[in-house]
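Heads up: the structure comes next, in structure tokens.
The values are calculated or read from the model by the stated rules, or taken from the named source; none is laboratory data. These numbers were taken from a predicted model, which means no experiment stands behind them. Note: ideal-geometry Cβ built from the backbone for every residue, glycine included; neighbour counts use all protein chains shown. Accessible surface is based on the protein model in full, side chains and every heavy atom, while ligands, DNA and RNA are left aside. Shrake-Rupley method; radii C 1.70, N 1.55, O 1.52, S 1.80 Å.
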Amino acid sequence: MGTYPMAREDREIQERARRFVDDELIPWELHAEEHGGQIPDDARERHHRMAIELGLYAMNMPRELGGGGFSTFQQVLVSEQIGRVTNGLGWCVHTPPAWAPDVVSAEQLERWIVPTVRGERHECYAITEEAAGSDVDAIQATARREGEVYALNGTKMHVTSFNTADYLFVQAKLDGGPHDGEHAMFFVDKDTDGVRLVREPAYMHTYPDTHAEVALEDVRVPAANRIGEEGDGLAFTYAWFRYERLMIAARCCGAADRLIEEATGFARERVQFGRPIIEHQAIAHMLADSLTELWAARLMTYELARNIDRGVDVKVQHAQCSMAKLYASEMAGRVADRAVQIFGGRGYMRENVAERFYREVRVDRIWEGTSEIQRNIVADQLSKRGVGPLTG
Ligand SMILES: Cc1cc2nc3c(=O)[nH]c(=O)nc-3n(C[C@H](O)[C@H](O)[C@H](O)COP(=O)(O)OP(=O)(O)OC[C@H]3O[C@@H](n4cnc5c(N)ncnc54)[C@H](O)[C@@H]3O)c2cc1C
């Protein structure tokens, strides 16, 4: 465990998460890799139950709704540990949308959010489309109000966890009415008529969750399923992006931590040309660079979490979340690449942790905004605010 100063309660949470990851999740990695991301149902149920019993499930949600009520810093500590395990096994520590309780109606809270906090219902996010990835505002899915219902039409891509979800957050543009062309977000139960799975293509990682293409064909939902007001949709997505970017940074720190530990252990043992390879300077330097970059990313991520807990300006948070995600995801990519190299031929084998992370951390430079988009956000804030407020 590290020496970074933190309260005893924070350290205890960090240790609880670490033990869960080390003792319960990591032992299933290889099985998951060899079985298309799947582990036996009883093991999956045990992980789900334990995540709840340990108080880690829905750690980001308010206590009064049954969530953990963790500070942002505490959530980062947990996410970092979750990042140390491959194959999406850590996703049993689920974090529902923390922006939701403040904006949903009492009925929506009872019907979707509270059961999600309890782990009884599962959501997925349908925002991205064929022509709208980085440019979220380019979505073409429409929501047309007809009396007390909205008719939703469009096709969504990369809908993560569609296979395990029972409802979707759908983002669409209003078609007609006073907010014509603006965004709105809706709760849509997966079994609503007109929600159709188009396909579930294979992706680079070996996860149990799919990333589906989903058609919405004249899906009629009551007006009461709209979240917030007409025109609010994009604001919720931005709140979610900020949160996820920070947690991706934390998970990338965890991945790098594990990779450096494993690669260092191997480099101490593996003997070539009569000495452990860690005594070959080329190998030692790769490890030194990796450790240095991990420390920088971790400090940045921890400091950002503390800033959020201190309530710094939301625009500053937005830029700092982008900086943390950008730096930590690119750092993890470099560390994984070096770890594969240090393991040599073994690093290219699927049974090797470095091989799995090499594939898995790649997406952290793409989802929740690509590295290029993070740079655009940071540069935009830099030109508006200058260096001091963003780094002070
Ligand atoms: C595994 C996975 C899971 C996902 N899960 C979900 C999900 O659950 N729900 C959901 O809605 N979406 C999801 N996504 C979608 C994800 O958010 C998008 O893939 C991402 O935002 C990038 O969009 P895009 O793939 O269309 O790339 P594009 O936007 O087409 O970008 C292509 C390239 O152009 C670059 N580019 C684009 N615009 C600019 C610019 N202005 N300046 C510089 N470079 C630019 C990008 O950085 C990238 O390199 C997921 C994606 C993946 C891979």
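Considered as a group, the residues in the stretch 287-328 that are among the polar types (S, T, N, Q) and more than 10 Å from Ala256 (Cβ to Cβ) include one that is farthest from the chain's Cα centre (by Cα), and that residue is Thr292.
Scanning for something surrounded by fewer than 20 Cβ atoms within 10 Å (Cβ to Cβ) and on the phi > 0 side of the Ramachandran plot, does the stretch 299-318 turn up at least one residue? Yes, the stretch 299-318 has at least one match.
I'm told Arg196 meets every condition in (1) out of contact with any Lys or Arg (no Cβ under 9 Å at 6 or more places or on another chain); (2) more than 9 Å from the ligand (Cβ to nearest atom); (3) open to solvent by less than 10 Å² (accessible area, probe 1.4 Å) except one. Can you identify the failing condition by its number? Checking Arg196 against (1) out of contact with any Lys or Arg (no Cβ under 9 Å at 6 or more places or on another chain); (2) more than 9 Å from the ligand (Cβ to nearest atom); (3) open to solvent by less than 10 Å² (accessible area, probe 1.4 Å), the one that fails is (3).
I'd like to check something: does the stretch 221-235 contain any residue that is surrounded by fewer than 22 Cβ atoms within 10 Å (Cβ to Cβ), modelled with pLDDT of 95 or more, assigned to a helix (DSSP H, G or I) and touching a helix residue (DSSP H, G or I) at 6+ places or on another chain (Cβ under 8 Å)? Scanning the stretch 221-235 turns up at least one residue that is surrounded by fewer than 22 Cβ atoms within 10 Å (Cβ to Cβ), modelled with pLDDT of 95 or more, assigned to a helix (DSSP H, G or I) and touching a helix residue (DSSP H, G or I) at 6+ places or on another chain (Cβ under 8 Å). Residues that are assigned to a strand (DSSP E or B), open to solvent by 50 Å² or more (accessible area, probe 1.4 Å), more than 27 Å from Arg306 (Cα to Cα) and away from the ligand (no atom under 13 Å from the Cβ): does the stretch 131-145 have at least one? Yes, the stretch 131-145 contains a residue that is assigned to a strand (DSSP E or B), open to solvent by 50 Å² or more (accessible area, probe 1.4 Å), more than 27 Å from Arg306 (Cα to Cα) and away from the ligand (no atom under 13 Å from the Cβ). Is the stretch 333-345 home to any residue that is in a helix (DSSP H, G or I) and aromatic (Phe, Trp, Tyr)? Scanning the stretch 333-345 turns up at least one residue that is in a helix (DSSP H, G or I) and aromatic (Phe, Trp, Tyr). The set of residues in the stretch 364-379 being without any contact (Cβ under 8 Å) to a residue 40 or more places away in the chain and either more than 6 Å from the ligand (Cβ to nearest atom) or assigned to a helix (DSSP H, G or I) (or both) consists of Arg365, Asn376, Ala379. Number of residues in the stretch 146-163 that are surrounded by fewer than 20 Cβ atoms within 10 Å (Cβ to Cβ), within 16 Å of the ligand (Cβ to nearest atom) and part of a loop (DSSP other than H, G, I, E, B) equals 1. Looking at this structure, is Glu80 free of Cβ contacts under 8 Å to residues at least 40 places away in the same chain, among the charged types (D, E, K, R), more than 14 Å from the ligand (Cβ to nearest atom) and part of a helix (DSSP H, G or I)? No. Kindly establish whether Ala339 is open to solvent by less than 50 Å² (accessible area, probe 1.4 Å), touching a Phe, Trp or Tyr at 6+ places or on another chain (Cβ under 8 Å) and away from the ligand (no atom under 16 Å from the Cβ). Taking the combined requirement at face value, the residue satisfies it. Checking each residue in the stretch 164-192 for being part of a loop (DSSP other than H, G, I, E, B) and closer than 19 Å to Arg111 by Cα picks out Thr164, Ala165, Asp166, Lys190, Asp191, Thr192. The one condition from (1) touching a residue at least 60 places away in the same chain (Cβ under 8 Å); (2) open to solvent by less than 30 Å² (accessible area, probe 1.4 Å); (3) of a type in the set (Asp, Glu) that Glu355 does not meet is (1).
State yes or no: is Val361 more than 10 Å from the ligand (Cβ to nearest atom), buried (at least 21 other Cβ atoms within 10 Å of the Cβ) and over 15 Å from the mean Cα position of the chain (by Cα)? I'd like the intermediate steps shown before the answer.
On the way: more than 10 Å from the ligand (Cβ to nearest atom): yes; buried (at least 21 other Cβ atoms within 10 Å of the Cβ): yes; over 15 Å from the mean Cα position of the chain (by Cα): no.
It is false that Val361 is more than 10 Å from the ligand (Cβ to nearest atom), buried (at least 21 other Cβ atoms within 10 Å of the Cβ) and over 15 Å from the mean Cα position of the chain (by Cα).
For the stretch 268-298, what are the residues that are closer than 24 Å to Ser79 by Cα and surrounded by 16 or more Cβ atoms within 10 Å (Cβ to Cβ)? Within the stretch 268-298, Leu287, Ser290, Glu293, Leu294, Ala297, Arg298 meet the criteria.
Residues that are assigned to a loop (DSSP other than H, G, I, E, B) and either among the aliphatic types (A, V, I, L, M) or more than 15 Å from the ligand (Cβ to nearest atom) (or both) occur in the stretch 203-211; there is at least one.
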